[in-house]
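Down below is the structure, laid out as structure tokens.
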Amino acid sequence: MDEVRDYVTPDPKYTDEERQLIYNAFTYMAKLLVAHGVNVIMDATGNLRKYRDLALKIIPNFFMIYLKCPLDVVMEREAKCENTKNAPENIYRKAMEEKAENVPGLQAVYEKPKDPAIIIRTDKHGIEECAEIIYQKILKEYLYKNLKKKERN
């Protein structure tokens, strides 16, 4: 997501209007890739439901995974992060010091997903365990269902 943001808005301001533009572009790119047979994983905060609703509406076979984590744990992890991979560094600390604005969960609203396919408590599960939960859901939802459809035909 941050790479898309850097391309679409090289000098990001993180305003609500800019976020809408970025999520629209990100979702539309994912839709195009899916239409051409590419499996897509969208890694984004999507702090407002309207961003996620757009993806649900236009991307076939889209399912949402809610990686749930208490804000204090997120902030602790971010403070330890050495490679932010194009994301702003120390954004939560900067927001607490009033040096950053519109940070989801602090100054900007974060609307929890209403009906995600999976909820994973990342403060309770390690990275590998989270990945396995997601992998099993993908197998169950797509691979097994497609195999059953082929068997019926």
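Read-outs throughout are calculated quantities, based only on the coordinates presented, and are distinct from any laboratory measurement. The shown structure was predicted, so the numbers you read here are calculated from the model rather than taken from an experiment. Neighbour counts run over all protein chains shown; Cβ positions are idealised from the backbone, glycine included.
List of remarks:
- Test: residue in region 42-57 that is out of contact with any Phe, Trp or Tyr (no Cβ under 8 Å at 6 or more places or on another chain) and under 18 Å from residue 135 (Cα atoms): yes
- Test result for residue 80, closer than 28 Å to residue 12 by Cα and out of contact with any helix residue (DSSP H, G or I) (no Cβ under 9 Å at 6 or more places or on another chain): yes
- Subset of region 108-122 [aliphatic (A, V, I, L, M), within 17 Å of residue 14 (Cα to Cα) and surrounded by fewer than 16 Cβ atoms within 10 Å (Cβ to Cβ)]: 109
- Number of the condition not met by residue 47 [criteria: (1) of a type in the set (S, T, N, Q); (2) surrounded by fewer than 18 Cβ atoms within 10 Å (Cβ to Cβ); (3) closer than 18 Å to residue 30 by Cβ]: (2)
- Selection within region 36-67 - within 25 Å of residue 95 (Cβ to Cβ), under 12 Å from the mean Cα position of the chain (by Cα) and either in a loop (DSSP other than H, G, I, E, B) or charged (D, E, K, R) (or both): 42, 43, 44, 45, 46, 47, 48, 49, 52
- Candidates 91, 59: the one that is of a type in the set (Val, Ile, Thr) and without any contact (Cβ under 8 Å) to a residue 24 or more places away in the chain is 91.
- Pick from region 21-47, criterion polar (S, T, N, Q) and touching a helix residue (DSSP H, G or I) at 6+ places or on another chain (Cβ under 8 Å), ranking: nearest to residue 65 (Cα to Cα): 47
- The residue of region 68-107 that is surrounded by the fewest Cβ atoms within 10 Å (Cβ to Cβ), among those that are of a type in the set (A, V, I, L, M, F, W, C), closer than 14 Å to residue 47 by Cβ and more than 16 Å from the chain's Cα centre (by Cα), is 106.
- Identity of the residue in region 124-139, surrounded by 13 or more Cβ atoms within 10 Å (Cβ to Cβ) and of a type outside the set (A, V, I, L, M, F, W, C), that ends up farthest from residue 13 (Cα to Cα): 137
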